[in-house]
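The values are calculated or read from the model by the stated rules, or taken from the named source; none is laboratory data. Here the structure is a predicted model, which means the values were calculated and not measured. Neighbour counts are summed over all protein chains in view; Cβ atoms, including those assigned to glycine, are modelled from backbone coordinates with ideal geometry. Calculation scope for accessible area: heavy atoms of the full protein, side chains included, ligands and nucleic acids excluded. Shrake-Rupley method; radii C 1.70, N 1.55, O 1.52, S 1.80 Å.
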Amino acid sequence: MTRDPADGAVLELHEAAFSHPGGGGVSGIELRVAAGESVALIGPNGAGKSTLLQGILGLVPMTAGSLRIDGVANARDRGRAVGYLPQQAALDPEFPITLDQVVMQGRYRRLGWLRWPGRADRRAVADALSAVGLAHRGGARFGDLSGGQRQRGLLARALASEPRVLLLDEPFNGLDQPNRDALLETVRELKGRGVALLISTHDLELAREVCDTVVLLNGVQLSAGPVDQVLTLGNVQECFSDQGVEFDEHTLVVPGHEGH
Amino acid sequence: MDAADALFGAFALPFMARALVVLLVLAVVAGFVGVLVNLRGLEFISDGLTHAVFPGLAIGFALGGFGGLIPGAAVAALIAALLLTMLARAGVASDSAIAIVLTATFSVGVIVVSRGNDYAGELEALLFGRLLTITPEEVVPIVAVALVALVTVAVTLKQQLFRAFDPVGSRAAGAPDLGLDLALNAAIALVVVAASTAIGSLLVLALLIVPGATARLLSNRLFALFPIAIGFAALCAWLGLASGFALSVGAGIDVPGGATVAGVFVAAYVLVLLGFLLVRRLRPADAAARRVTAAGAERAASVTSSTGVGTAG
């Protein structure tokens, strides 16, 4: 876990490209996320936002460029440093598992094959549940939770792994206002703790609210930089040019998509 | 003969005691592995493996008699587990892949057996087992194979459960999905091998699938499923042997041991299923309250109190 303190980039991609074996991918990614920084990843459906996030996790092959996590290039063992909240995970609501047990899965990478959770792990689970505002729901069956609570539960699982980088794929989709507010609050708290965040979203308002930097993406990286400089009407129009979307500088409405 | 004779006295006979020991070992391992089969929805793959083990049994028997059964079956099972895992992974429509492997291997087995002297007798022994004629020498290999299956699953249990619940999340956390699938399929195959001598390569499916399915009906608690499935399997094994003994010795109706045991497993499952449906019917408020909890515990509490129903069990 040694890294150059003057540098400070937890996640660094240089001229990176990722593509699915069957086709479809992203290229030209130049990205630096520092500890405590949060970066919004914005682009239309099919722009490759999820592909980029999965590529960083090592689930989609990297076809060009370099990727450094904590200064380590192309590390094979990324699971420990990188937490991930997938986009609307299709999980069986009938699966007999409690929220506590789901969040504990975040500790498995640390535990390895043979060790079973101990006191420190249970502590970490309780802390992660508190961080997402579900401290009192740990014993509930996961399938009995509301959609927003499940989403927050999966975020808690990612937190329980104590990641250096957290990748959130469309975390605000389909959330009602209370859950959305709770998630925003958690994101702020994580930034305060020094977690580097990469958040894919359709929600420009949200990007302005909690993100420092924004990356516009549509198959290739179009522009990147501080939110105020990059998130201009012209840039956003260019990024979404091939989509029938309506937007102004603050909001974006994607037809047939639960956006804000 | 009274019930106590069948339930306890019968096991003073060495062949009955051996059958019980073997079945109890199988109950523990099949119950344990069976919970994962249920959670992963691998019932059809398990079916494919039971059939794929058959030519291994046949070839092992042709080469080495009863002593060749376990080694032959173990080799066939591990090859089949590898093949089925790779086929499923390569994106070949899984059901057709399994069906093809299943019929191909089965026909190979039948052809091998047909070359022997006692076609009908051998086929029956390989398909339906020789529960009551297991020799003392056969017990140790069976237990050894069962233990390997148990250890394979126990070592990977956390990650297997994670993968069963959330395959994408498990991969994202760095778990080796291919390794986990191979380990689980190999364990299933080894359970089939261990059980093939006792209750045959076809009836083993009852041992592998019924306890896990029963546990799912009886509990929603993840780590309670394993002891429930094992306990259920052990109880059914004992009752199955005892009832087979009572029918054969007491009532003079000669029934095959393996099939009687498998029948008791299924009958017990049906009883549990009926009980489950009955309980659900008698307590509709519970089901309603549980559905409501999806919308939040606070609302559930207000709904149950406003309808005058107590808290959900």
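Points to keep in mind about this one:
- Of all residues in region A:57-68 being of a type in the set (A, V, I, L, M) and facing another protein chain (nearest Cβ under 10 Å), the one that is surrounded by the fewest Cβ atoms within 10 Å (Cβ to Cβ): A:LEU59
- Residue within region A:83-96 that is away from chain B (no Cβ under 14 Å), among the small types (Gly, Ala, Ser) and surrounded by fewer than 20 Cβ atoms within 10 Å (Cβ to Cβ) present: no
- For A:ASP100, the stated conditions hold: it is open to solvent by 20 Å² or more (accessible area, probe 1.4 Å) and either within 11 Å of another protein chain (Cβ to nearest Cβ) or within 26 Å of A:GLY194 (Cβ to Cβ) (or both).
- Positions within region B:200-239 being more than 26 Å from B:ARG130 (Cβ to Cβ), open to solvent by 30 Å² or more (accessible area, probe 1.4 Å) and either β-branched (Val, Ile, Thr) or within 13 Å of another protein chain (Cβ to nearest Cβ) (or both), in sequence order: B:ARG216, B:LEU217, B:LEU218, B:ASN220, B:ARG221, B:PHE223, B:ILE228
- Restricting region B:163-179 to residues that are closer than 17 Å to B:LEU222 by Cβ and assigned to a helix (DSSP H, G or I), the residue that is most open to solvent (accessible area, probe 1.4 Å): B:PRO167
- Considering region B:247-278, the residues that are in a helix (DSSP H, G or I) and not hydrophobic (A, V, I, L, M, F, W, C) include one that is farthest from B:LEU23 (Cα to Cα), namely B:GLY275.
- One residue from B:GLY65, B:GLY60, B:GLY56 being at positive phi and either in a helix (DSSP H, G or I) or open to solvent by 40 Å² or more (accessible area, probe 1.4 Å) (or both): B:GLY65
- Residue selected from region A:144-153 under the condition open to solvent by 10 Å² or more (accessible area, probe 1.4 Å) and within 8 Å of another protein chain (Cβ to nearest Cβ), by the criterion farthest from A:LEU183 (Cα to Cα): A:ASP144
- Checking each residue in region A:205-230 for being assigned to a helix (DSSP H, G or I) and buried (at least 23 other Cβ atoms within 10 Å of the Cβ) picks out only A:ALA207.
- Residue within region A:72-79 that is under 30 Å from A:LEU204 (Cβ atoms) and either within 10 Å of another protein chain (Cβ to nearest Cβ) or without any contact (Cβ under 8 Å) to a residue 40 or more places away in the chain (or both) present: yes
- Any chance B:VAL112 is more than 23 Å from A:ALA81 (Cα to Cα), at pLDDT below 90 and more than 14 Å from every other protein chain (Cβ to nearest Cβ): yes
- Residue that is most open to solvent (accessible area, probe 1.4 Å) [pool: residues in region A:116-143 that are at the interface with chain B (Cβ under 9 Å from one of its Cβ atoms) and over 18 Å from B:PRO167 (Cα atoms)]: A:HIS136
- Screening B:SER243 on (1) in a helix (DSSP H, G or I); (2) of a type outside the set (A, V, I, L, M, F, W, C); (3) free of Cβ contacts under 8 Å to residues at least 24 places away in the same chain shows it passes everything except condition (3).
- The one condition in (1) within 26 Å of A:LEU204 (Cβ to Cβ); (2) of a type outside the set (A, V, I, L, M); (3) more than 18 Å from the chain's Cα centre (by Cα) that A:GLY65 fails to fulfil: (1)
- Of all residues in region B:78-115, those that are in contact (Cβ under 8 Å) with a residue 40 or more places away in the chain and under 14 Å from B:PHE54 (Cβ atoms) total 11.
- Of all the numbered requirements in (1) under 14 Å from the mean Cα position of the chain (by Cα); (2) more than 30 Å from A:HIS136 (Cα to Cα); (3) modelled with pLDDT under 85, A:ASP228 misses one, and that requirement is (1).
- Within region B:146-162, restricting attention to residues that are open to solvent by 30 Å² or more (accessible area, probe 1.4 Å) and within 12 Å of another protein chain (Cβ to nearest Cβ), the residue that is farthest from the chain's Cα centre (by Cα) is B:VAL155.
- The criterion of being open to solvent by less than 20 Å² (accessible area, probe 1.4 Å) and at pLDDT 90 or above holds for B:ILE188.
- Taking the listed residues B:VAL75, B:VAL143, B:VAL112, B:VAL108, the one that is assigned to a helix (DSSP H, G or I), more than 30 Å from B:ARG40 (Cβ to Cβ) and open to solvent by 30 Å² or more (accessible area, probe 1.4 Å) is B:VAL112, with no other qualifying.
- Residue within region A:107-122 that is among the hydroxyl-bearing types (Ser, Thr, Tyr), under 29 Å from B:LEU225 (Cα atoms) and touching a helix residue (DSSP H, G or I) at 6+ places or on another chain (Cβ under 6 Å) present: yes
For every residue, the table says whether it meets (1) among the β-branched types (Val, Ile, Thr); (2) within 24 Å of A:VAL236 (Cβ to Cβ); (3) touching a residue at least 24 places away in the same chain (Cβ under 8 Å).
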site	(1), (2), (3)
A:GLY36	no, no, yes
A:GLY43	no, yes, yes
A:GLN54	no, no, yes
A:ALA90	no, no, no
A:ARG123	no, no, no
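- Region A:103-115, residues that are more than 7 Å from chain B (Cβ to nearest Cβ) and either open to solvent by 30 Å² or more (accessible area, probe 1.4 Å) or in a loop (DSSP other than H, G, I, E, B) (or both): A:ARG110, A:GLY112, A:ARG115
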